[in-house]
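Novice: Sending over a structure as structure tokens; questions will come in a sec.
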Amino acid sequence: GELVIVPLMNADLIKTIVLSILPVSELRGAIPYAVYKGFSIPIAASISIAANICVPAIAFLFLESLHRLLYKIPQYRRFFDSFVDRARTKVHTKVEKYGYWGLLLFVAIPLPATGAWTGTLGAWVLGLSHKKAFFAIAGGVILAGIIVSILVALWGVSTQTIFFKPVS
């Protein structure tokens, strides 16, 4: 027989990974996009969740390195400070009341500005342990992925809801 090699990285897979990592879309954009492009819901969710779980590591690395250099630029500082204030406000009450479980639940609810990026930034601002925060955020990402997958299964990929961005 002839050996057939299937390319593992196609454009739709790469776009799904990128959407999973972008703060504006995360799982709410990635899972519907992947399903729209022909991935099954379990595969779309697995790829999206795996990529989104990388966000805390990327964000903590950025905050501990490149951010320090960029913070010297006034425009960046103003943008970042306003973003930090919003993240602190959203995350603080949940973390103060429920600890790392509050962080997990905050990330798990797939609403705008409640994903892995905001959760990581909030954990960083509040001085939480990076390791414990990573596991709480990862747990929240898995739950959010399950929720978005169920919503996609129930409503399809083009339905406009507060939970995910429609694919048109």
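Novice: Roll a 1.4 angstrom probe over the protein heavy atoms and tell me the percent of accessible area of the chain that is carbon or sulfur. Can you show the working numbers first?
Specialist: Working: 6630 of 9390 Å².
That share works out to 71 percent.
Novice: By how many degrees, 0 to 90 and rounded to 10, does the Cα axis of helix 130-155 deviate from the longest principal axis of the chain?
Specialist: Between the helix axis and the principal axis of the chain, the angle is about 40 degrees.
Novice: Also, I was wondering about something else. At 1.4 Å probe size, what's the solvent-accessible area of residue 78? Round to the nearest 10 Å².
Specialist: Rounded to the nearest 10, that gives 150 Å².
Novice: If you line up the long axis of helix 116-125 against the longest principal axis of the chain, both from Cα atoms, how many degrees apart are they, to the nearest 10?
Specialist: 20 degrees
Novice: When the helices in the chain are scored as -39500 (n - 2.57) per DSSP H run of 4 or longer and the sum is shared across all residues, what 222 nm value do you end up with, to the nearest 500 deg cm²/dmol?
Specialist: One gets -22500 deg cm²/dmol as the mean residue ellipticity at 222 nm.
Novice: Let me ask something else about it. When every alpha-carbon pair in the chain is counted, what percent end up more than 21 Å apart?
Specialist: Working: 6802 of 14028 pairs.
Percentage above 21 Å: 48.
Novice: For the pair residue 71 and residue 93, how long in nm is the line joining their label points, each one 7 Å along Cα→Cβ?
Specialist: Taking the simple label geometry, residue 71 and residue 93 are separated by 2.7 nm.
Novice: Here's a follow-up. Using only Cα atoms and rounding to the nearest 10 degrees, what angle (0 to 90) does helix 55-64 make with the longest principal axis of the chain?
Specialist: The two axes meet at around 30 degrees.
Novice: Continuing with the same structure: Could the peptides 14-20, 61-67, 94-100 be put in order, highest first, of the mean number of other beta-carbon atoms found within 10 Å of their residues?
Specialist: Working: 14-20: 19.3, 61-67: 12.9, 94-100: 15.1.
The most tightly packed comes first, giving 14-20, 94-100, 61-67.
Novice: Under a cut-off of 16 Å between alpha-carbon atoms, report the lysines in cross-link reach of residue 94, not counting same-chain residues fewer than 8 places apart.
Specialist: Answer for residue 94, where 16 Å is the Cα cut-off: 132, listed by chain and number.
The values are calculated or read from the model by the stated rules, or taken from the named source; none is laboratory data. Quick caveat: nothing in here was measured; it's all calculated off a predicted structure. So basically every Cβ, Gly included, is an ideal-geometry build from the backbone, and we count neighbours across all protein chains shown. Just so you know, the surface numbers come from the protein's heavy atoms only, side chains and all, with ligands and any DNA or RNA stripped out. Shrake-Rupley method; radii C 1.70, N 1.55, O 1.52, S 1.80 Å.
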